[in-house]
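The values are calculated or read from the model by the stated rules, or taken from the named source; none is laboratory data. This is a predicted model, so every value here is computed, not measured. Here Cβ is always computed from backbone atoms with ideal geometry, including for glycine, and neighbour counts include all displayed protein chains.
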Amino acid sequence: MSAESATSAGIRVPRLRALPWPGLAIAGVIVIAIGFAGHHWYTLLRHLESTDDAYVEATIVLLSARVGGTVIDVPARENQTVRAGDVLVKIDPEELEVRVARARADVDAARNRLEAARAGADVAEADGRVARVEQRRAEREAERLQELHESGAVSEQMLENAIAARDAARARVRAFDQRARAERAVLGNEAPLRQAEATLRAAELALSHTVVVAPRDGRIGRRNVEIGQNVTAEQPLMSLAADEPVWVVANFKETQVGRMREGAPVEVRVDAYPGWIWHGHVESFSPATGAKYALIPPDNATGNFTKVVQRLSVRIALDRSEPEDAGLDAPPVLSAGLSAEVSVHVGG
């Protein structure tokens, strides 16, 4: 049917109008963009797992007082770089110095008691030797008078006196022997001396703890102590960020870690330094999800179960950094807690 016959018959045929050239251009751009995005996803993005739930971590040591007392000096300042062994805080040592002096006196007294026991044992043994000589002489005298008494040459009284002298000599020998054994027993028991020496060592150790020093190289963070403050044992004084390489902890969804492996290359961008990119690798995976480390872990066996995608912490070691802009020279120093975006290459 021709257009004229169709018109005459009352049938309206829609006319096809040509698309103007600006519309064609826009459609072409959209098609090209979709194709480019698909190619980019197929060649690169499908081999990446990314997250912005990532933070820079560092070794931070919380320094505490090991003894109580009044703070007399705080040489360390916040954000100051220190070396291992540098003095950070000094606590008044006067009370502990008195304790050390008393402990030293107790050690000297214990040693003197041992020396006195040694001398007493030597004297008792010497007296015992003299007593044995007297005992032998008294025994011979008693035997001689016993024979004379039997022949009637001496009286009963003289014999009794000789026998008494012999018994007394034997008793003195036993007494000196017992005294020598007692003194030797004191010498053999060095527990009081060792206890006094341990008390002295503890007092000297406590005295040394009045000076708080840096355990390693690093930079002082928050300082919670001032001169004149009365601190107690185990009270936090300040924090120290160790002079060690930092790392990144990225919390990936459980659906993202299936293809990740240790050693996989990683790209890290830190929000604070948009012109830099850090290259690293996956160092390790957490043995449990973050929910398991919560103060009150969720119990899915209660009956009210709602599935929630869990996150697993991935530790990332940073190997090197490079600027994305040509005008940047010195790499920035990363501080703990900075937010980051992490992309892990999972193969392809």
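Residues that are surrounded by fewer than 17 Cβ atoms within 10 Å (Cβ to Cβ) and touching an Asp or Glu at 6+ places or on another chain (Cβ under 9 Å) were ranked within region 313-327; the one that is nearest to SER286 (Cα to Cα) is ARG315. When ARG194, ARG223 are checked against the criterion of being of a type in the set (D, E, K, R) and more than 23 Å from VAL98 (Cβ to Cβ), a single residue qualifies: ARG223. Given the structure, is VAL123 surrounded by 12 or more Cβ atoms within 10 Å (Cβ to Cβ), modelled with pLDDT of 90 or more and of a type in the set (A, V, I, L, M)? No; evaluated as a whole, the condition is false for this residue. Has region 90-99 got at least one residue that is under 30 Å from GLU267 (Cα atoms) and either exposed (fewer than 15 other Cβ atoms within 10 Å of the Cβ) or polar (S, T, N, Q) (or both)? So far as region 90-99 goes, no, none of its residues is under 30 Å from GLU267 (Cα atoms) and either exposed (fewer than 15 other Cβ atoms within 10 Å of the Cβ) or polar (S, T, N, Q) (or both). Have a look at GLU134, GLU147 and point out the one that is at pLDDT below 75 and within 22 Å of ASP167 (Cβ to Cβ). After ruling out the rest, the residue left standing is GLU147. If PRO75 passes every condition in (1) without any contact (Cβ under 8 Å) to a residue 60 or more places away in the chain; (2) part of a strand (DSSP E or B) but one, which one does it miss? Checking PRO75 against (1) without any contact (Cβ under 8 Å) to a residue 60 or more places away in the chain; (2) part of a strand (DSSP E or B), the one that fails is (2). Taken over region 167-191, the criterion of being outside any helix (DSSP H, G or I) and either at pLDDT 70 or above or surrounded by 16 or more Cβ atoms within 10 Å (Cβ to Cβ) (or both) is satisfied by GLU190 alone. A single entry from LEU88, LEU96 fulfils the requirement of being outside any helix (DSSP H, G or I) and touching a residue at least 60 places away in the same chain (Cβ under 8 Å): LEU88. Would you mind stating whether PRO75 is in contact with a strand residue (DSSP E or B) (Cβ under 8 Å, 6 or more places away or on another chain) and surrounded by fewer than 13 Cβ atoms within 10 Å (Cβ to Cβ)? In short, yes.
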